[in-house]
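Just below is one structure, and these are the notes that go with it.
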Amino acid sequence: MIRFNDQATLADLIGAEASRLVVEFRRDLHRHPEIGMETFRTAEKVEQALRTLGVEEIRRFAGTGVAALIPGERPGPTIGFRADMDALPIAEETGLEYASEVPKCAHLCGHDGHAAGLLAFAAWVMRHRRFAGSVLLIFQPGEEGYAGADKMIREGLFEVYPCREVFAIHAAGKSPLGEIRVKPGAMMASVDVPTFVVEGRGGHGGRPHQTVDPVPAAAELILALQTIVSRNVDAADSAVVSLCALEAGDMKAPTVIPARVSIRGTVRTHDPKVQDLIERRMRETAEGIGLATETTISLDYARVYPPQMNDPELFAALEPVLAERYGRERMTTDFRPGMGGEDFAFMSAAVPGIYIQLGIDDEDHSAPLHSPKFSFNERVLPMWTDLFATILRARLPLED
Ligand SMILES: [Zn+2]
Ligand SMILES: [Zn+2]
């Protein structure tokens, strides 16, 4: 395989007209960001751009999710490529000419660039149909905590379009331009949100014997929950229990014992078995401390995202291909998985998948993701497009 030419422009790869369309599309999205599942305008812009490129089969899932199918020259399996397209409820401070026009809302995780990268790939596929099978382009809303991927799957994404495998790229702020970060197994953590409610019986702070005080019970509970990671989870596994929010009583009523205390936090791990263990121990601990303190402790344990797991076989098949195309020196395959969550985890739990982080940092771009100064680096778009194209060529070759 020929080595990727770093000097290649997007126009070299997909033509001047499509290249202009992609960059304009990205800047327009950046100027008009939308949050969560409410990416109505964004989804319309995606459809419009796909139609301009000549893509015919376009369908909606979960309201604002867009899926587009491009068949190759010969029949064969379908493989999916996913981009997220939602913004964050944070005010932008980039000073860009096309900065967000929506107050307290901006594309600070690079999803405008992700959608543009997938669109550029669509343009490439339309010009290179010599593959056996079909390409499914998935533009998903609600990555930032809304489980948009899960919603699209629940609405039948993989029933209408069964995929053999799925791929996604996320911009890596604070990684050098063109660095490929990918590894087998866990890449990102599961995200669970436990909510405890400690119910007692409120009353006068001077006569606690006439009450069932939920405050010391909650204090015991919080300390006991800290022992799950230190005493129950295998020291070689990764796990975090952080109880971040606490609601009890009233600061203006220091003499009143409240009737209830609420506690909410986040649980993260890279192993579904550890996830099960933590939930089970949380329930047992809540029950035991409830019994000991005469309170009733309920637990609502919400599983928001599963861990992002890269399929080991798919990784083994792809790693040498990427190394040959981009050079092994550009690839980082041995690193600790992140403790952040990633919605793509739902897709790669449903079908074998690979999630890649692609470095976008250079002299003009060096802010971390989610920072008000972050902006996606358009200079990565040629490699972004080529990376998807390289995966497609490797996975759906046209046998002569
Ligand atoms: Zn993000
Ligand atoms: Zn993101």
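The values are calculated or read from the model by the stated rules, or taken from the named source; none is laboratory data. None of these values were measured; they are calculated from a predicted model. Don't worry about glycine lacking a Cβ; one is built from the backbone with ideal geometry, like all the others, and counts go over all protein chains shown.
Observations on the model:
- Residue in the stretch 86-105 that is modelled with the lowest pLDDT, counting only those that are part of a loop (DSSP other than H, G, I, E, B), surrounded by 16 or more Cβ atoms within 10 Å (Cβ to Cβ) and within 12 Å of ligand 1 (Cβ to nearest atom): Ile90
- Residue check for Gly178: small (Gly, Ala, Ser) and within 29 Å of Ala302 (Cβ to Cβ): no
- Residue, farthest from Phe139 (Cα to Cα), within the stretch 98-112, restricted to residues that are away from ligand 2 (no atom under 11 Å from the Cβ) and out of contact with any Pro (no Cβ under 8 Å at 6 or more places or on another chain): Pro103
- Here Met1 meets each of (1) buried (at least 18 other Cβ atoms within 10 Å of the Cβ); (2) at pLDDT below 95 with one exception, condition (1).
- Condition broken by Ala218, with the remaining ones in (1) in the same structural domain as Pro258 (by TED's automatic domain parsing); (2) in a loop (DSSP other than H, G, I, E, B) satisfied: (2)
- Scope the stretch 32-49; condition part of a helix (DSSP H, G or I) and touching a residue at least 12 places away in the same chain (Cβ under 8 Å); matching residues: Phe40, Thr42, Ala43, Lys45, Val46, Glu47, Ala49
- Failed criterion for Trp384 (all others in (1) more than 16 Å from ligand 1 (Cβ to nearest atom); (2) modelled with pLDDT of 95 or more; (3) in contact with a Lys or Arg (Cβ under 8 Å, 6 or more places away or on another chain); (4) not acidic (Asp, Glu) hold): (3)
- Restricting the stretch 175-202 to residues that are within 30 Å of Leu225 (Cα to Cα) and hydroxyl-bearing (Ser, Thr, Tyr), the residue that is surrounded by the fewest Cβ atoms within 10 Å (Cβ to Cβ): Thr195
- Count of the stretch 50-66 residues which are touching a helix residue (DSSP H, G or I) at 6+ places or on another chain (Cβ under 7 Å) and either of a type in the set (Gly, Ala, Ser) or modelled with pLDDT under 95 (or both): 3
- Residues in the stretch 282-301 include none that are assigned to a strand (DSSP E or B), crowded, with 18+ Cβ neighbours inside 10 Å, within 18 Å of the chain's Cα centre (by Cα) and touching a residue at least 24 places away in the same chain (Cβ under 8 Å).
- Qualifying residue in the stretch 316-328 (condition: outside any helix (DSSP H, G or I) and within 16 Å of ligand 1 (Cβ to nearest atom)): no
- Test for Pro194: is it touching a residue at least 24 places away in the same chain (Cβ under 8 Å) and within 15 Å of Asp300 (Cα to Cα): yes
- Selection from the stretch 219-253 of residues that are crowded, with 17+ Cβ neighbours inside 10 Å and either in contact with a Phe, Trp or Tyr (Cβ under 8 Å, 6 or more places away or on another chain) or among the polar types (S, T, N, Q) (or both): Leu221, Ser238
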